[in-house]
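Written out below as structure tokens is the structure these notes cover.
Taken together, the values in this text are just the output of simple stated rules run on the coordinates, not laboratory data. Computed from a predicted model, the values in this text were never measured in an experiment. Glycine gets a Cβ as well: all are built from the backbone with ideal geometry, and neighbour counts include every protein chain shown.
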Amino acid sequence: MRDYITFDWFTIFTIIGLCTIVLAKYLNTLRFNDFMYVIGNSKYLKIYSKDQKFIDQFDSFLFINLSVSLSIFIYFVYSTYVSPLTFDLVTFLKLLFAISTIAIIKTLIERLIGSLFEIDSIIDHYVFQKTTFKNLSGIVFLVANLFLLYTKIDIEITIIIAFSLVCIINIIGFLTSFKTYQKIINLNFFYFLLYLCALEIGPYVLLYKVIREYNG
């Protein structure tokens, strides 16, 4: 894989990811420290979900890192398991744009659903929880990319470990949300399944098709 990648561009984008994390920590050090310990500690979710805004500066910086780092990670995964890639900036930017756009549209739709059904408070807390664990996954992707780019550790091992960690983080996030809203989910289980298929599984299927289209 390392033989097929132009390191300069990936280094630039990795630095961008690092800078957004540093900015997030610099602008709100206490919140960042709480954020890093969100797994196993509900303090962050309880405190900061009360003060969320439609556009949150802290989450926005972490989202930029998530989009950039995930795009780089996908490039490695595709080149390792599907077909070796020669880095192309336009293709990478399209992938980055697709990931960012799908994530933003998905969040907007969720908030729209909350407004339509007058459950804004529930949806806002739910979106905040999901965003928190996804942004934490972005830091895992960033660290994994550093290993993929600048160490001689086996690529497949790094990818598997990173993917496993991200899965664990998001499963914990899902279970946290499920536990919080279990009573509501039990009363509306059919709509919950419909939501999972339409807004949780669907976007990833769409992203997969986008990747296949641009690299087919």
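Through the Karplus equation 6.51 cos²θ - 1.76 cosθ + 1.60, θ set to phi - 60°, convert the phi angles of the range 150-167 into ³J(HN,Hα) values in whole Hz; use x for Gly and Pro.
Listing the rounded values in order: 10, 10, 9, 5, 3, 4, 5, 5, 4, 5, 5, 5, 4, 4, 5, 4, 5, 4 Hz.
How large is the dipole of the range 33-182 about the Cα centre if only Lys and Arg carry +1 and Asp and Glu carry -1, each at its Cβ, rounded to the nearest 20 debye?
Value, rounded to 20: 140 debye.
Please list, ordered by chain and number, the residues whose modelled amide H lies under 5 Å from the amide H of PHE87; skip anything fewer than 5 residues away on the same chain.
HN-HN under 5 Å from PHE87: THR6.
Can you compute the modelled spin-label distance between SER164 and SER121, with each label point 7 Å from Cα toward Cβ, in nm?
4.2
What are the lysines whose alpha-carbon lies under 28 Å from the alpha-carbon of LYS179, with same-chain residues fewer than 8 places away excluded?
In chain and number order, the partners are LYS43, LYS46, LYS50, LYS53, LYS106, LYS130, LYS134.
Multiplying the sequence separation of LYS43 and ILE104 by 0.36 nm and subtracting their Cα-Cα distance, what value in nm do you get?
Additional length available on full extension: 19.4 nm.
Please list, in order along the range 24-31, the HN-Hα scalar couplings obtained from phi with the Karplus expression 6.51 cos²θ - 1.76 cosθ + 1.60 (θ = phi - 60°), rounded to whole Hz, x for Gly and Pro.
4, 5, 5, 6, 8, 4, 4, 5
Using a simple charge model, +1 on the beta-carbon of Lys and Arg, -1 on the beta-carbon of Asp and Glu, nothing else, what dipole does the range 79-154 show about its Cα centre, in debye to the nearest 20?
Charge dipole, the range 79-154, about its Cα centre: 200 debye, nearest 20.
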